[in-house]
Structures are given as C-alpha cells and as structure tokens.
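Below: one structure, written as structure tokens.
The values are calculated or read from the model by the stated rules, or taken from the named source; none is laboratory data. Not measured: the values here are computed from a predicted model. So basically every Cβ, Gly included, is an ideal-geometry build from the backbone, and we count neighbours across all protein chains shown.
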2 protein chains.
Amino acid sequence: MKLTILGCYAATPRTITNPTSQVLEIKNRMFLIDCGEGTQVQLRKNKIKFSKINQVFISHLHGDHFFGLIGLISTFSLLGRTTDLHIYGPKGIKEIIILQLRLSNSWTNYGLYFHELESEESEVVFEDDKVLVTTIPLKHRVYTNGFLFQEKVGERKLNMDAVLNHEIESCYYQKIKNGKDIKLDDGRLIANSVLTFDPIEPKSYAFCSDTVFHEDIIPIIENVDILYHESTFLESEVSLANKTLHSTAKEAARIALKANAKQLILGHYSTRYESIDLFKEEAKTIFPEVLLAEDGKTFEL
Amino acid sequence: MKLTILGCYAATPRTITNPTSQVLEIKNRMFLIDCGEGTQVQLRKNKIKFSKINQVFISHLHGDHFFGLIGLISTFSLLGRTTDLHIYGPKGIKEIIILQLRLSNSWTNYGLYFHELESEESEVVFEDDKVLVTTIPLKHRVYTNGFLFQEKVGERKLNMDAVLNHEIESCYYQKIKNGKDIKLDDGRLIANSVLTFDPIEPKSYAFCSDTVFHEDIIPIIENVDILYHESTFLESEVSLANKTLHSTAKEAARIALKANAKQLILGHYSTRYESIDLFKEEAKTIFPEVLLAEDGKTFEL
C-alpha cells in the first residue's frame, strides 16, 4: 500500500501548494482521492500513469476537492483512453461534469460511470476480490464523505518445507492456500495449519477530509493502520474551526487516539501558518505517531 | 497597452506548459482573456493583482479555455473580493458556474454578472470612455468568438508654448483638449490646431483563438496593431488543422497579411513539435512581423 500526496492544502491553489488530492495504490489498484484544480499536472509531476487510475473518490463539492476533475476527465479523452472510469462522489457531481461535456461537445471516448452518494450512513461503495471501500460520513458545511480503504484478508502462505516434506503435488497448492486440509494417499490427514503460514495482515487507510471534530466516525475507522485526518487549523483557532466545520491538529489527534489508529497523517492545512511543523508538535501532545502530509510526499506501508 | 501571456498551449495543462489565458492591460483596465485550468496560479506567478481584474472574456467552452474560471471565481470569494466581476462568454457559461456555486453552497460575496454571447455577427460587448471591445466570430468546433480591444481616440495634447504665448487661462484647457477653438478677449479666434498636438494614436489588439483559417474576420480586424492568431499546427499538418478547425502558422500569417496587421503573435501550439521556433520560421515566409507567445512573456506597445 502506497499513498502519494498530490496536494494537501486548504482553499486555493498557489504557486507552491496544491489543493487536496491523493493517489492510493493498494493491491495493484490505483485510487484517486479528491481532485482539486491542478491535479492532472500533479499526477504528471509525480510520474503517476493516468491510465492506471480507474476509480476516483470525491469527498465533497467544495472547489479545492473537485475543480480538477473535469480537466482530468477531458485529458483522459485527449490521451485516447478507452478504459472505463468510475467516479464516486456526492449527488450533483454527474450534473456538473455532464453539463460541461455537453456544452463543449466533448463526450468521452471511454465509459464514464457516476456513483452518486447521498446516504448519511456508512456504506460500501466499491468492492472486488482484494479491496473494500466504505464511506465515512463526515460533518462539514456541505454533504461530505471520507473513505475507508481496506485490503481483504489474502490467501494463506504455503510453508514450502512442510509441503515438500509431505510430497504434496502442486495441483493441491491453491486448495491449501484457500485454507483446506489435505488427505494424503496413505490416508493421513494433514491439517492446513501445518502446511501454511498466516496471510499477510491486511492493511487499511482512512481518508477524512473535510470535517469538524466528529466522534461518530470512530467506530467506522477503529484500528485503522493509517488515518489521514484534516487539520485545517491549530488549537489557537479552535473557534474558527468549529465555525467553519473544520478540525484542529489536536482534534485530529484525539480522533486517532480514540479510534486506536496506528498512525495519523495530518493535512488540509490553512496557509496562514508559517510552518506545518506546528501541526505535528500540537498533535503529538495527544497521539505519538504523527506524520505530516506534504505535496509530492509518499507514504509506504 | 501591455499583454501578458499566462498560457499559450493547446489541449491539456502540463508541468511546463499552460492552456490559454492572457491578461491585457489597456488604459488602466485589466482584462482577462480565456482562463484555462491553472490560470489563477499563473496570475500569481506573474504577480498580477487579482483585484484589478473586473472583466473576463471567454472565447469558447472547450476546457483548455475556461476550466480555470470556476476556481478563479471561488478564489476571488475566499480573498474577500467585493468588486463586481463581469464574465463575457458563450451561452451556457452561466449555467456551468452557477450550478457549481449552488452545489458547493459557495455563493460569491461580490456581484457576478454574466454577459452571454450567442450572436453569429460581430457585436460590441464592452464599452466605456476609453476602451471598446468587439467580438470576432470565429469558426471552430463549438460556438467561438475572438475579441477586438480598441482604445478610443484620446484628448488632444496641449501645446503649452502656444497656450502660454496667447496667455490663455487654465480654465479653458479642458475645452482646448476637447478640440475647441478659443476666442481671446481682444476678439481674435485662435484655431485649436495652433494650440494642440494630435492625440496619441489609439492602439488595438485582436485575440483570435481557436479558429480554422477564416477570411471573414479580416474586415473586423483590419489595420489592427497586434493580432494574436492561433497556430495549433504547422503547414505539414494542414489537413489535421482543417479537420479539427484549427489553423497553421502559415494560415495565421496569411490572415495577418490580408488584414494589414502591424504585428502577429502566434500561440495555441500543439505540443507535438520540438520547438516553437518552427512556427515563427513558417509564418515569416508570408508575413515579416512575427512574434511568439510564451507562457510568462509580456508584450508592450
């Protein structure tokens, strides 16, 4: 699992900072999360292949989280994309995109599928054999969802020494990986636990931006490996955070602590502060494992 | 009159090139012409004050000419703008912008006025005491206008030697600048031509992008000081230019020649070519005064 931060600042794009967008590589899938203005250029800068993105998740319809989407969709067309693209985002996103494609007479030459969200409850929005994506209803000035990305438990790993020792033929390997016991030709039953190791622990990533401090999300993200939680402000601006339905670094840390997250990544910084190190310092007074998002930075699990 | 090129490349924004946008400073007015994705960052890079832009002219609704507009409008709001903003562009642009403001619940705190264009004939779209802006109907895949910016003829300049020589009081100066003759106390009539010099020659700028080679525009832009004409392709790709309703450098030069333009600026380059110098070389075989647009370049008259 690899997370690339394309942009992690609040409000407007500037010469040196970008609005929210991230790419999550998980089990060979590449998910784009939010898509502020300039995201397609950030993808190029970070050498991420456009063609590998097949799913885009949009948290909410504030400009710093989706104004780059129409440009990306158009560029995909210009580059001759033929693979389907799936957009998950708040109700209304389809109307915005389709209106612009219609007025510019620039329909995509690939399948463009919208999965519009309007539930106030957490729901599964994407699932395949390897990954599950669930919404995390957030509390902001417009309808907003975070997203929880979970790897599914994989196959058990073969203990090759044991397998060879029992002279088991390779045609049984898949069965063993699936957890089955094996009956040998001489009638002996070999327990699966003898022939395999536990599968690699599945990882999880929770993206929570934008939101006020909102404890309702804790049961959904409990025990998550990495929690990205917005921290637009420092605690000195907590009243402004409450008013604008954003969070402080301290509040993000409190959520991480209560949810028993392994690590916390802070982001969505207001540009009013001189150094983002202040966010880390503040959050660490509550929760030890704090990392700072930065445009162009990658995190690997 | 000063022209700043914010972006002059066709199709998609890239790490080193930007889609179409320009700022024209004329008689202390600052007009934004087209607004591709990333324009607000380009404005910052080129240190152009956001607050000085009160009019935006959009040629057509292809993304590389307007996808940056919604972001700019939103940023103006976030920066606390209170001055009215006027948008001139094809019918439909209002619906695109308003839909996004509505869905993001982010109405502007300043007056936002749309002047939607749908005429196939050239028409005046902006006029004040100093400047006149007229559409130049172009021929492209969607409804498209270029824009002709003309300074109005200014006041006559006082010939201070002659004025003092005739002992004319300063309360008459404005009359004289307006072209009136003056009757002295002794009854003599002094002709205005004795008391003044001709006003500074008014300048004009024509922006023509995107369009196929289209001679109908020649009467509208005749004798223009500077013609910006798109040259997406070189003559080697003339059939592609015809098919996509774009122009070649040679065709742009032919228009400049026939319109008796003083100078030609080329732009809207396809990124398929190794060097934009090729565009200049080609155009110069037809028309001598060729300049190349480049992102961040300024032209002063």
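Here is how the numbers come out for the structure above:
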| item | result |
| --- | --- |
| Where B:Ile265 falls short, out of the listed (1) assigned to a helix (DSSP H, G or I); (2) surrounded by 24 or more Cβ atoms within 10 Å (Cβ to Cβ) | (1) |
| Filtered residue count, region B:245-256, keeping only those that are part of a loop (DSSP other than H, G, I, E, B) and surrounded by fewer than 24 Cβ atoms within 10 Å (Cβ to Cβ) | 1 |
| Single match in B:Asn242, B:Asn260 (criterion: part of a loop (DSSP other than H, G, I, E, B), farther than 24 Å from B:Ser21 by Cβ and at pLDDT 95 or above) | B:Asn260 |
| All positions within region B:32-68 that are more than 19 Å from B:Asp295 (Cα to Cα), out of contact with any Leu (no Cβ under 7 Å at 6 or more places or on another chain) and within 9 Å of another protein chain (Cβ to nearest Cβ) | B:His60, B:His62 |
| Answer residue from region B:268-292, given it is of a type in the set (Gly, Ala, Ser) and either part of a loop (DSSP other than H, G, I, E, B) or outside the structural domain of B:Ile226 (by TED's automatic domain parsing) (or both) and is surrounded by the most Cβ atoms within 10 Å (Cβ to Cβ) among those | B:Ser270 |
| Members of region A:73-92 that are within 12 Å of chain B (Cβ to nearest Cβ), of a type outside the set (A, V, I, L, M) and not in a loop (DSSP other than H, G, I, E, B) | A:Ser74, A:Thr75, A:Phe76, A:Ser77, A:Gly89, A:Pro90 |
| Wholly within region B:148-206, helices (runs of 4 or more DSSP H) carrying at least 2 residues that are surrounded by fewer than 10 Cβ atoms within 10 Å (Cβ to Cβ) and in contact (Cβ under 8 Å) with a residue 60 or more places away in the chain | none |
| Filter pass, B:Glu230 being within 21 Å of the chain's Cα centre (by Cα), charged (D, E, K, R), surrounded by 23 or more Cβ atoms within 10 Å (Cβ to Cβ) and within 30 Å of B:Lys152 (Cβ to Cβ) | yes |
| Selected residue (only one of A:Asp181, A:Asp225, A:Asp216 is charged (D, E, K, R) and not assigned by TED's automatic domain parsing to the domain that holds A:Gly146) | A:Asp181 |
| Region B:93-140 - residue that is within 14 Å of chain A (Cβ to nearest Cβ) and in a loop (DSSP other than H, G, I, E, B) and, of those, surrounded by the most Cβ atoms within 10 Å (Cβ to Cβ) | B:Ser104 |
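One line per residue, one yes/no per condition, for (1) farther than 29 Å from B:Glu123 by Cα; (2) of a type outside the set (D, E, K, R):
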{"position": "B:Leu69", "(1), (2)": "no, yes"}
{"position": "B:Asp84", "(1), (2)": "no, no"}
{"position": "B:Lys94", "(1), (2)": "no, no"}
{"position": "B:Leu99", "(1), (2)": "no, yes"}
{"position": "B:Asn105", "(1), (2)": "yes, yes"}
